[in-house]
Amino acid sequence: MTSTTPAPSATLASPLRLPNGQVLGNRIMKSALSEGLAGADHLPGERIGALYRRWSEGGFGLVVTGNVMVDRRHLGEPGNVVLEADSDLDGFRSWAKTVQDGGSPVWMQLNHPGRQASPLASTHHAVAPSSRGVAIPGVPAPRALTDAEIGDIVERFATAAALADAAGFDGVQIHAAHGYLVSQFLSPLSNDRTDRWGGDIDGRMRFLLALVHAIRDAVRPGFALGVKLNSADFQRGGFSEDDSRAVIDAIADEDIDLLEISGGSYESPAMMGRAQSASTRAREAYFLDYAETVRAVAKDIPIAVTGGFRTRDTMARAIADGLCDVVGIGRPAAVLPDAAGAVLRGGTTVLPAGSLRLPVPARVGAARTARTVEGALDLQWHTDQLHRMGDGDDPDPDRPLRRTVVSTLRRNGFDALRSRRRGVTESTDTAARKFRVERAVGRRVANPTVRALGRLGIRTSLATEIETTGRKTGLRRRVPVTAAFDTTGAWVISQHGRRSGWGANITADPAVSIRQGDRWRSGTAAFVPDDDVRARAATFASHPALRPLAVAVARAAATTPISVRISFTDIPGARP
């Protein structure tokens, strides 16, 4: 290989020739951002085309797609694109051509979520190197993979890479960061295997090396192959910087065209600036110092750094001083789709850095639970921007937190269940399926989230709880609800009528408790079938402008909704 270490005179606008001969027109890369825009068939369609058309006009030297899953049974989130042996390639061809027509090469990021699989979007139980769960509310512990299953996943990555090649993409990137499956194999916190796939770092990196070899055997010469790797996962006892250097040393002699350095996972979201020390967060490009230390280890593999770049001066210095070869831009590209062009033209010196913060005291906000919740909401806020562009709209940098909360619930639970054929009445089977999945949303997402917010001191009628007595167990059962309070009681809606768990409970025993702020109130619940559910849902909105949204969310979540009136029994003169 010819050394790719840039001369001191290299600039952001300088072309970069990769080891396979591919040339990047400049040194700014659009890093992967998970879009969640696939259709019901998990294929790329018009919405992805609309989004990538914006990025194709953004002046990037390289565009990397959001994660494309290699197994439709295991998805990281609803709306993931999947590429398997029987996938129709027409949409993929159009996707690649859309970016290339704008003048940028495009690489497909290949991924498997492992234990970070969404329990709502996936059809099979999550799998991982070992049966060690992830510390994310509502995500169940995975099942350990067998040796044969590991081999099957390796083949799936190779097949997807070959199909990406056939569809016209310029390369693929293996996602070996952020706590997904490859990263899980690398970390001793998630991989306690004693066979050839575990043990010391040599065993734990064997899966990644197997992917590299299988992909290289499956694609044509000149097709690019990149790896996205954590500098560390920022968890005590996890994948360390020393482990990361060992992996880089091992892949330095492989046929790799670009190494992208990032860090963290969704348990400890360093890639969003939420897991490092205050001094590290205060710096731009929080993984740049680490990248500088592995330049010699990486030998001739060009290095990209993603995470924290915001000013043109810092980007330019990183390239000119040889700290990295490529600057990766992620979240700013969700708000400013032509970020690279704006920086290269000199019209933009500081990129937008939208970042959500929970409205809690600093001491509470520093807690691990708060950082995890903040990281999830920040990710979803940026996903909202991608969906806006996919729908033909411009990004909305002023989008409020409350709208992201609602869109997150809809995208991850409600919308995935709605019929794609507008105007068609739901069948009994569809309603039953919707009921089952909405119940799963409550158990695995809503309940843990409401309780996590409660531990952080966040109280709102949009995230309260009702406590009923289990009709079968006799035990008290709490579930999240939205409520509208008045002086004598509260209104709630049972989205599935009397067949929901708590709906059946109050049919058997109407005595309930409901949390109003920090206070638990006792009361008696009664179904009010003649009440206008749509009008009632509108009263849950905190502002008149949000009433249509509240109604839409309620309709999306419901099958047979019935209003429920809770009359307080803990006020003077109230009847028990």
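Within the stretch 388-402, which residues are out of contact with any Asp or Glu (no Cβ under 9 Å at 6 or more places or on another chain), within 20 Å of Ser34 (Cβ to Cβ) and acidic (Asp, Glu)?
Asp391, Asp393
Look at the stretch 470-495 and say how many of its residues are among the β-branched types (Val, Ile, Thr) and surrounded by fewer than 12 Cβ atoms within 10 Å (Cβ to Cβ).
Residues in the stretch 470-495 being among the β-branched types (Val, Ile, Thr) and surrounded by fewer than 12 Cβ atoms within 10 Å (Cβ to Cβ): 2 in total.
Which count do you get for residues in the stretch 159-178 that are at pLDDT below 95 and open to solvent by 10 Å² or more (accessible area, probe 1.4 Å)?
Going through the stretch 159-178 one residue at a time, the tally reaches 1.
Quick one: count up the residues across the stretch 313-344 that are surrounded by 19 or more Cβ atoms within 10 Å (Cβ to Cβ) and basic (Lys, Arg).
Summing the residues that are surrounded by 19 or more Cβ atoms within 10 Å (Cβ to Cβ) and basic (Lys, Arg) in the stretch 313-344 gives 1.
Identify the residue in the stretch 381-407 that is of a type in the set (Gly, Ala, Ser) and in a helix (DSSP H, G or I) and, among all such residues, is surrounded by the most Cβ atoms within 10 Å (Cβ to Cβ).
My answer is Gly390.
Please find, within the stretch 69-115, the residue that is nearest to the chain's Cα centre (by Cα) out of those that are at pLDDT 95 or above and acidic (Asp, Glu).
Asp71
Could you figure out which of (1) farther than 26 Å from Val212 by Cβ; (2) modelled with pLDDT of 85 or more isn't true of Ala246?
For Ala246, the failing item is (1).
Taking the condition at pLDDT 95 or above, more than 30 Å from His124 (Cβ to Cβ), out of contact with any Gly (no Cβ under 9 Å at 6 or more places or on another chain) and outside any helix (DSSP H, G or I), does Thr2 pass?
no
Could we say that Gly36 is over 26 Å from Leu259 (Cβ atoms), surrounded by 17 or more Cβ atoms within 10 Å (Cβ to Cβ) and at pLDDT below 95 here?
yes
Restricted to the stretch 493-527, and to residues that are assigned to a loop (DSSP other than H, G, I, E, B) and of a type in the set (S, T, N, Q), which residue is nearest to Ala537 (Cα to Cα)?
Filtering the stretch 493-527 for residues that are assigned to a loop (DSSP other than H, G, I, E, B) and of a type in the set (S, T, N, Q), the one nearest to Ala537 (Cα to Cα) comes out as Gln495.
When the stretch 41-77 is examined, which residues are found to be of a type outside the set (Phe, Trp, Tyr) and part of a helix (DSSP H, G or I)?
Once the filter is applied, which keeps residues that are of a type outside the set (Phe, Trp, Tyr) and part of a helix (DSSP H, G or I), the stretch 41-77 yields Glu46, Arg47, Ile48, Gly49, Ala50, Leu51, Arg53, Arg54, Ser56.
For the stretch 322-351, which residues satisfy the criterion of being in contact (Cβ under 8 Å) with a residue 24 or more places away in the chain, over 16 Å from Leu259 (Cβ atoms), under 26 Å from the mean Cα position of the chain (by Cα) and not in a loop (DSSP other than H, G, I, E, B)?
Within the stretch 322-351, Ile329, Ala333, Ala334, Val335, Ala339, Ala340, Val350 meet the criteria.
Check whether at least one residue in the stretch 224-245 is closer than 24 Å to Asp86 by Cα, touching a Gly at 6+ places or on another chain (Cβ under 7 Å) and open to solvent by less than 10 Å² (accessible area, probe 1.4 Å), and report yes or no.
Yes: one or more hits.
Can you tell me which condition Pro188 does not meet? The list is (1) in contact with a Lys or Arg (Cβ under 9 Å, 6 or more places away or on another chain); (2) in a helix (DSSP H, G or I); (3) not aliphatic (A, V, I, L, M), and all the others hold.
Exception for Pro188: condition (2).
Among the residues of the stretch 78-91, count how many are in contact with a Gly (Cβ under 8 Å, 6 or more places away or on another chain), touching a residue at least 60 places away in the same chain (Cβ under 8 Å) and surrounded by 24 or more Cβ atoms within 10 Å (Cβ to Cβ).
1
Could you list, in sequence order, the residues of the stretch 185-216 that are modelled with pLDDT of 95 or more, open to solvent by 30 Å² or more (accessible area, probe 1.4 Å) and not hydrophobic (A, V, I, L, M, F, W, C)?
Within the stretch 185-216, Asp192, Arg193, Thr194, Asp195, Arg196, Gly199, Asp200, Asp202, Arg206, His213, Arg216 qualify.
Take Arg196 and tell me if it is in contact with a Ser or Thr (Cβ under 8 Å, 6 or more places away or on another chain) and among the charged types (D, E, K, R).
For Arg196, the condition - in contact with a Ser or Thr (Cβ under 8 Å, 6 or more places away or on another chain) and among the charged types (D, E, K, R) - is not met.
Only one of these conditions is not met by Asp255: (1) in a loop (DSSP other than H, G, I, E, B); (2) on the phi < 0 side of the Ramachandran plot; (3) open to solvent by less than 40 Å² (accessible area, probe 1.4 Å). Which number is it?
Tallying (1) in a loop (DSSP other than H, G, I, E, B); (2) on the phi < 0 side of the Ramachandran plot; (3) open to solvent by less than 40 Å² (accessible area, probe 1.4 Å), Asp255 fails exactly one: (3).
Which of the residues belonging to the stretch 92-132 are crowded, with 22+ Cβ neighbours inside 10 Å and over 23 Å from Ala177 (Cβ atoms)?
If the condition is that a residue be crowded, with 22+ Cβ neighbours inside 10 Å and over 23 Å from Ala177 (Cβ atoms), then Phe92, Ala96 are the ones that fit.
Quick one: what pairs do we get from the stretch 293-308, first residue in contact (Cβ under 8 Å) with a residue 24 or more places away in the chain and open to solvent by less than 10 Å² (accessible area, probe 1.4 Å), second in a loop (DSSP other than H, G, I, E, B) and among the polar types (S, T, N, Q), C-beta under 7 Å, 6+ apart or different chains?
Pro302/Thr4
The values are calculated or read from the model by the stated rules, or taken from the named source; none is laboratory data. Note that this is a predicted model, so its numbers are computed, not measured. Ideal geometry is used to build each Cβ from the backbone, glycine not excepted, and the neighbour counts take in all protein chains shown. Protein only, heavy atoms only, side chains kept; ligands, DNA and RNA dropped before computing areas. Shrake-Rupley method; radii C 1.70, N 1.55, O 1.52, S 1.80 Å.
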